[in-house]
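First comes the structure, then the notes that go with it.
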Amino acid sequence: MNRISFADPGLLFLLLIVPAMIAFYVIKQHKATAAFHVPGLQQLEMAGSTFRNYLRHVLFALRVLGISLLIIALARPQATDKYQDVSTEGIDIVLTLDISGSMLARDFKPDRLEASKNVATEFISGRPYDRMGLVVFSGESFTQCPLTTDHAVLINLLREIQSGMIEDGTAIGMGLANAVNRIKDSEAKSKVIILLTDGINNRGEIAPATAAGIAKTFGIRVYTIGVGTQGMAPYPVQTPYGIQYQNMPVEIDEAILKDIAQTTGGRYFRATDNNKLVQVYNEIDKLEKSKIDVRQFTRKEEKYLTPAIIAFCLLMSEILLRITVLRKLT
């Protein structure tokens, strides 16, 4: 793809001379105009305004254009042809996110769900060459975004999710099974699911262990993340006065999450605050690195000759017109 750049872009500031020249020329012409008119001389005035009189402005226009193009030529415009050859050992990743009501607990800032979305967004942005998808679950599960390389679309869909979109509950097995179904037919060399939850499996028709066994069958590695502080956390509770927050015990079924990770060859992580969650995703990012070979080619072609020739022609035209055809008007 060609784009124009300049070898000496600082010289383009000399173009500020052009508006100054125009302003000076306008002021000069204004002063050259008679300050008063003599009655009865209108016919003589019109007789003097021939086509050749207007041509004197052409000389100035040629000079301005010539100087402008000469400055551009001095800045050395260059056409840059740059492209890169990228080869990647593909990794497909499905983010599986718990959006149950308990994800609104405020032991994370601003809450567990928003913190998880923010960190996941950074994770997606840092892996431009991987295909990624998004599955959400609570009492049920659905696919928010299938595997895609259009990360802008994926991030927008991630930002749109919120607790309450589907029936409440924590169906870990259903969320994992849905993610497996989305990635199982992938031809990528590495297939990964990152499952994040803050609770205990209490809904769904598929047990987490069963879903983990299916993932193993298809060679899918699952990283599980339990989010929640140790001890008590402020959970949202519906009261006659609206939503209020009450401190309640944090309950995460770490045994199930560890079993899922061990069965599929992944790892289990516990995130107890925002910083720890960032560290977890950074660790997963290091574990699942794409093999990328990038070769970049750049070719520059000088383009100053054309504006230089045109500038020379314009300035020579001004000189020739000034000493020949328009000699009496200058």
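Read-outs: derived from the displayed coordinates by stated rules, not from any lab. None of the values given here were measured: they were computed from a predicted structure. Note that we place each Cβ from the backbone using ideal geometry, even for glycine, and neighbour counts take in every protein chain shown.
Quick check on the exposure proxy: order GLU205, GLU251 from fewest to most C-beta atoms within 10 angstrom. Walk me through the numbers before you get to the answer.
Details: GLU205 10, GLU251 13.
Ranking GLU205, GLU251 by Cβ neighbours within 10 Å, fewest first, gives GLU205, GLU251.
Taking every pair of Cα atoms in the chain, average 1/r, invert it to obtain the Kirkwood radius, and report Rg/Rh to two decimals. Working shown, then result.
Values: Rg = 35.5 Å, Rh = 25.7 Å.
Looking at the chain, the ratio lands at 1.38.
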- Item | Loop GluC sites (Glu not before Pro), region 95-199 (other Cβ atoms within 10 Å of the site Cβ: 11 or fewer; DSSP) | GLU167, GLU187
- Cα-based Rg then Dmax for region 95-186, in Å, read 12.8, 38
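At a temperature of 20 °C and a viscosity of 1.002 mPa s, determine how fast region 156-242 diffuses translationally according to Stokes-Einstein, using the Kirkwood radius over alpha-carbon pairs as Rh; express D in µm²/s, rounded to the nearest whole number. Provide the component values of the computation, followed by the final result.
On the way: Rh = 15.0 Å.
For these conditions, the coefficient is 142 µm²/s.
Run the helix sum for the chain: -39,500 (n - 2.57) per DSSP H stretch of 4+ residues, divided by residue count, reported at 222 nm to the nearest 500 deg cm²/dmol.
Numbers: 10 runs with 137 residues, N = 330.
Only helices count here, giving -13500 deg cm²/dmol.
Can you compute the equivalent ellipsoid semi-axes for region 186-316, i.e. the square root of 5 times each eigenvalue of the Cα gyration tensor, sorted largest first and rounded to whole Å? The partial results should precede the final answer.
Details: eigenvalues 573, 136, 37 Å².
Semi-axes from the Cα gyration tensor: 54, 26, 14 Å.
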- Among ALA188, GLN230, ILE172, whose Cα lies farthest out toward the positive end of the dipole of region 163-306, if unit charges sit on the beta carbon of Lys, Arg (+1) and Asp, Glu (-1)? ALA188
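Can you put LEU113, LEU147 in order, fewest other beta carbons within 10 Å first? Before the final figure, lay out each step's value.
Working: LEU113 24, LEU147 20.
Least crowded to most crowded, the residues run LEU147, LEU113.
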- Note on the structure: When ILE206, ILE4 are ranked with the fewest other C-beta atoms within 10 Å first, the list becomes ILE4, ILE206
- What is the distance in Å between the Cα centres of region 163-200 and region 254-278? 14 Å
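Would you work out the charge dipole size for region 91-289 about its Cα centre, treating the Cβ of every Lys and Arg as +1 and the Cβ of every Asp and Glu as -1, and quote it to the nearest 20 debye?
On the way: 20 positive and 24 negative charges, 107 e Å.
About 520 debye.
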- Kindly write out, for region 129-143 in residue order, the coupling ³J(HN,Hα) from the Karplus curve 6.51 cos²θ - 1.76 cosθ + 1.60 (θ = phi - 60°), rounded to whole Hz, with x marking Gly and Pro. 9, 9, 7, 9, x, 9, 10, 10, 8, 8, x, 10, 9, 8, 8
